[in-house]
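Heads up, the thing below is written out as C-alpha cells.
The values are calculated or read from the model by the stated rules, or taken from the named source; none is laboratory data. Source: prediction; values computed, not measured. Please note: Cβ atoms are built from the backbone with ideal geometry, for glycine as well, and neighbour counts cover all protein chains shown. Quick note on the areas: whole protein, heavy atoms, side chains included, nothing else; ligands and nucleic acids left out. Shrake-Rupley method; radii C 1.70, N 1.55, O 1.52, S 1.80 Å.
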Amino acid sequence: SSGLGDTQFSFRLHQSGRQRTTHYKDDGEYNREAPLMLQRESAQYFSYVYFTQVKDSSMKRGYFQKCAVLTFRLNFLSFFPWVPAVCNEIDQWPPPVPGQTLNLPMMGVVIQVRIPSRVDKPGSSPVKQFNQENLLPAPLILPSIHELDLFRCFQPVLIHIQMLWELMLLGEPIVVMAPSPSVFSEMVLALTSCLAPLRYCCDYRPYFTIHDSEFKEYTTRTQAPPNLVVGVTNPFFIKTLQHWPHILRVGELRMSGDLPKQVKVKKPAKLKTLDTKPGIYTSYKTFLHKDKTLIKRLLKGIQRRRPSEVQSALLRRHLLELTQSFIIPLNPPQIRPFRQEDFMKTLEHAGPQLTCVLKGDWLGLYRRFFKSPNFDGWYGQRYKEMTQKLEALHLEAICEA
C-alpha cells in the first residue's frame with residue numbers, strides 16, 4: 001500500500017482446528033440474552049487493526065510499517081478501537097452481561113457502556129445507569145458498543161439503499177471495492193448491520209486478501225460464488241472476481257456539507273479495466289420501489305447541516321422499520337412445519353403493507369428470501385425458541401401434576 005500515516009480497519013477470521021472452549025463459562029447464557037446480531041459465534045473471530053506506515057529510506061522497501069491486531073469473539077465494533085493501550089486493564093474487567101451497564105476503568109477514565117439485551121425495544125436509546133456513586137471522575141458514556149455511522153458509510157449509495165437492503169436480505173454475493181481498507185471494511189460491516197433486528201446469517205469478510213486461505217474457493221469460476229460479502233482493495237480482484245453478480249466500488253469517504261456524488265448502477269459487463277469508476281455493477285432488479293421521502297429528508301438534513309449521528313439515526317430507523325415490516329408476518333410460530341404457500345396466502349390480509357408504505361412485489365421478495373441462508377437462520381432460531389418454550393410448558397405441567 002502506498003498510503004502513509006495511521007489507519008484502522010477490521011477483518012474476520014475462521015477458527016481452524018478442533019473446537020476450543022470459550023473464555024467465559026456463561027457463553028450459552030450470554031447468547032440467550034443477547035440480540036441475534038451480537039451473539040458470540042463459536043468458530044469466528046473479529047480482529048481490529050491499528051496500522052501505521054511512514055517513509056524510511058533505511059528500510060529495504062522504503063517504508064517503516066507496524067501494526068497491532070486485537071482479536072475477539074465479540075462484534076462490538078464501535079467499542080474496540082479504544083482498546084490498544086489498555087489491554088492490562090481489560091484483564092480486570094467483568095464479563096459482559098446483556099442488559100447490564102458496566103463501568104470499565106481505563107487510563108484513569110471510567111467508560112460506561114450498556115450491553116444490549118434481547119428484551120430491549122428495537123431502535124430505542126440505551127438505558128442510562130442511575131447508580132453512579134463513587135465514580136470519579138464522571139464516566140465517559142459510550143452511546144453504543146457496536147453501531148456504525150451508517151450515514152457516513154452509505155453517503156455515496158443513499159439513492160440505492162433499497163437495493164442494497166434487498167441484496168443483503170437475500171444473501172446475495174457482493175464484492176465491495178475501495179481505495180483503502182478503512183472504507184471497504186466499514187462498508188461491509190454497515191451492510192451486514194442494515195438487516196437488524198434480523199440476523200445476517202451468511203458469511204462476510206470485511207478485509208479479504210489474496211493470502212486468505214479461502215482465496216481459491218472464492219475466486220474459482222467453476223462454481224457459483226458463495227453467499228458472502230467481501231471487502232477488497234487490490235485492483236487484481238476486479239479481474240479475479242468479475243464473475244460475481246454484484247460489485248460495489250466506492251471512493252474515499254469524506255464528511256462535508258454537500259452530498260457526495262452518488263454512484264450509478266451499471267451492467268457487470270462494463271467492469272473491465274483497472275481504472276473502473278465507482279458504481280454498483282449488477283443486473284439485479286429490485287422488488288420494491290425506492291423510498292423517495294427518506295432520500296429527501298436526508299438531503300434536506302445535509303443542506304441544514306444536520307449532525308451525522310442524527311442522519312444515521314434516521315437511516316437506521318428506516319432500515320429497522322423496513323426489516324420489521326418484512327419479518328412481522330413471519331413471526332407467529334406454528335407447531336406444524338412451515339409451509340411457504342400457506343404463508344403466502346396470509347399476506348393479502350396480514351402482510352407488510354399494513355406497516356410499510358413501500359410498494360412493489362412483496363410476494364416475489366418473500367419467494368427469493370425463502371431460498372436464502374437468512375431464511376434458514378431465521379427459521380432455525382424460531383424453531384429452537386418454540387421447542388424450548390414447549391419443553392418448559394411440558395416440564396411445568398409435569399411438576400404441577
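Looking across region 174-196, just one residue is outside any helix (DSSP H, G or I), within 27 Å of residue 371 (Cβ to Cβ) and open to solvent by 10 Å² or more (accessible area, probe 1.4 Å), and that is 196. Among the residues making up region 183-219, those that are among the polar types (S, T, N, Q) and modelled with pLDDT under 90 are 209, 213, 219.
Within region 220-255, being within 23 Å of the chain's Cα centre (by Cα) and either open to solvent by 20 Å² or more (accessible area, probe 1.4 Å) or outside the structural domain of residue 310 (by the TED database) (or both) holds for 225, 226, 227, 233, 234, 245, 249, 251, 252, 253, 254, 255.
Scanning region 334-350 turns up at least one residue that is assigned by the TED database to the domain that holds residue 152, of a type in the set (A, V, I, L, M), in contact (Cβ under 8 Å) with a residue 12 or more places away in the chain and more than 21 Å from residue 289 (Cα to Cα). Here residue 52 passes the criteria (1) open to solvent by less than 60 Å² (accessible area, probe 1.4 Å); (2) free of Cβ contacts under 8 Å to residues at least 24 places away in the same chain; (3) farther than 21 Å from residue 146 by Cβ except the one numbered (2). Any chance region 351-360 includes a residue that's touching a residue at least 40 places away in the same chain (Cβ under 8 Å) and touching a Phe, Trp or Tyr at 6+ places or on another chain (Cβ under 6 Å)? Yes, because at least one residue in region 351-360 is touching a residue at least 40 places away in the same chain (Cβ under 8 Å) and touching a Phe, Trp or Tyr at 6+ places or on another chain (Cβ under 6 Å).
Among the residues of region 297-312, write down those that are free of Cβ contacts under 8 Å to residues at least 12 places away in the same chain and not in a helix (DSSP H, G or I). Those that are free of Cβ contacts under 8 Å to residues at least 12 places away in the same chain and not in a helix (DSSP H, G or I): 304, 306, 307.
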